[in-house]
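The values are calculated or read from the model by the stated rules, or taken from the named source; none is laboratory data. Just so we're clear, the structure is a prediction, and the values are computed from it rather than from any experiment. Cβ atoms come from the backbone with ideal geometry, glycine included; neighbour counts cover every protein chain shown.
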Amino acid sequence: MTTQKPKLAMYWAASCGGCEVSLANIHEAILEVDAHFDFMFCPCLLDTKKKDIEALPDGDIFLTLFNGALRTEENLEMATLLRRKSRLFVAFGSCAATGGIPALANHHGIADVLETAFCSVPSIDNPERLIPGTTCQVPDGELELPAFLTRVLALHEAVPVDYTMPGCPPESEQIIAVVRHVASGAPLPPSGAQIGCTDRAVCDECPREKRTTLASRLIRPFEALPEPGWCLVEQGFLCVGSSTRGGCVALCPTANMPCTGCYGSLDQSADPGATALATLVAAVDPGSAVGVDETALLAGLKDALSGVADPLGTFYRYSLSETVVADRAKEVE
Ligand code: SF4
Ligand code: SF4
Ligand code: SF4
């Protein structure tokens with residue numbers, strides 16, 4: 001049956017599925033989505049095929065929410081196809097916006113990633129050390145798997161993106177707000193804008209009190225129970241809320257967990273990891289050597305920051321595809 005409603009699509013590339021869960025989490029508001037849109041493509045919910053998308057005129061899909069990073073040639077092919085078929089193309093979630101968790105693999109070569117995933121992680125039982133290739137012979141014929149791209153890409157690194165909706169995943173309330181805004185016919189933000197978020201820090205939404213004290217050293221969540229109501233970073237927990245874009249209503253600190261930065265850096269021009277690190281350095285007490293002895297000052301800072309177990313995975317958890325350290329993957333290759 002044909003419909004006059006604008007078409008809505010949602011696609012997952014290198015994705016965990018959490019972005020789809022976030023959409024499902026809007027509960028009965030999904031009826032509003034149905035009232036305003038023809039939700040016609042979403043591989044985890046609907047049986048629309050790629051050939052159905054290929055058959056559409058270019059620009060026929062009004063809005064596509066594309067989640068997941070680009071890890072394989074198939075991801076890239078679908079991003080290119082959906083970009084062409086969509087009027088508004090949104091990088092939905094941290095993986096599409098900045099590479100997200102999948103882009104952490106950019107610090108390693110592909111062979112290294114495959115060896116780890118299929119042979120050496122403790123939960124793997126693979127005595128023959130079988131690693132998937134791009135073709136596989138089975139009784140019914142030859143199967144093909146899409147090849148890995150050399151490095152994981154954020155969506156905008158491959159195709160033009162109209163808007164970016166950050167978050168891992170984007171908060172359901174923000175999804176509802178964006179859907180209602182688009183459905184209302186209100187003017188759209190300028191192309192390239194971040195949507196479903198604020199331009200203020202998570203700290204501005206956080207109910208925890210800052211007492212302007214310095215932490216003696218940084219600790220991880222399992223090392224202590226936070227005191228209720230008091231800023232986590234002042235208690236030593238590695239919370240990057242002050243350098244992270246708001247919009248989640250400080251979801252994690254409100255639930256006693258430090259912000260890990262999934263809404264991305266407030267300052268688009270800066271290196272997100274370097275910004276977060278600089279913020280945290282300013283939050284720890286380097287000891288009594290301040291202003292007296294540079295060697296002792298650095299030793300104090302080093303000790304205070306020694307609790308950061310995985311600096312790359314901590315400070316670039318969501319952004320490794322587009323930071324100054326991103327090209328490390330090329331060296332590894
Ligand atoms: S942004 Fe987060 S929830 Fe969405 S696909 Fe990536 S890892 Fe999953
Ligand atoms: S640093 Fe973290 S805990 Fe402290 S106010 Fe900011 S978001 Fe809240
Ligand atoms: S508090 Fe930080 S990590 Fe948690 S949802 Fe908000 S931006 Fe993401």
Selection over the stretch 15-36 where residues are in contact (Cβ under 8 Å) with a residue 60 or more places away in the chain and outside any helix (DSSP H, G or I) yields a count of 4
Residues of the stretch 190-208 being within 8 Å of ligand 2 (Cβ to nearest atom), in contact with a strand residue (DSSP E or B) (Cβ under 9 Å, 6 or more places away or on another chain) and of a type outside the set (Val, Ile, Thr), in sequence order, are Ala201, Cys203, Arg208
Scanning the stretch 203-256 residue by residue, those farther than 17 Å from Ala304 by Cα and basic (Lys, Arg) turn out to be Arg208, Lys210, Arg211, Arg245
Selection over the stretch 232-249 where residues are part of a loop (DSSP other than H, G, I, E, B) and either in the same structural domain as Val178 (by TED's automatic domain parsing) or farther than 19 Å from Thr198 by Cα (or both) yields a count of 3
Can you confirm whether Cys252 is within 25 Å of Glu20 (Cα to Cα), within 12 Å of ligand 3 (Cβ to nearest atom), without any contact (Cβ under 8 Å) to a residue 60 or more places away in the chain and part of a helix (DSSP H, G or I)?
yes
Over the stretch 201-248, the set of residues small (Gly, Ala, Ser) and more than 12 Å from ligand 3 (Cβ to nearest atom) is Ala215, Ser216, Ala224, Gly229, Gly236
All conditions in (1) surrounded by fewer than 17 Cβ atoms within 10 Å (Cβ to Cβ); (2) small (Gly, Ala, Ser); (3) out of contact with any strand residue (DSSP E or B) (no Cβ under 7 Å at 6 or more places or on another chain); (4) closer than 30 Å to Leu114 by Cα are true of Ala147 except (3)
Of the residues in the stretch 167-189 that are exposed (fewer than 14 other Cβ atoms within 10 Å of the Cβ) and either in a loop (DSSP other than H, G, I, E, B) or in contact (Cβ under 8 Å) with a residue 40 or more places away in the chain (or both), the one that is nearest to ligand 2 (Cβ to nearest atom) is Pro189
* Is it the case that the stretch 111-124 has a residue that's surrounded by 14 or more Cβ atoms within 10 Å (Cβ to Cβ), within 27 Å of Gly313 (Cα to Cα) and in contact (Cβ under 8 Å) with a residue 40 or more places away in the chain? -> yes
- Task: Answer yes if at least one residue in the stretch 229-244 is of a type in the set (D, E, K, R), in contact (Cβ under 8 Å) with a residue 60 or more places away in the chain and out of contact with any His (no Cβ under 8 Å at 6 or more places or on another chain), and no otherwise.
- Result: no
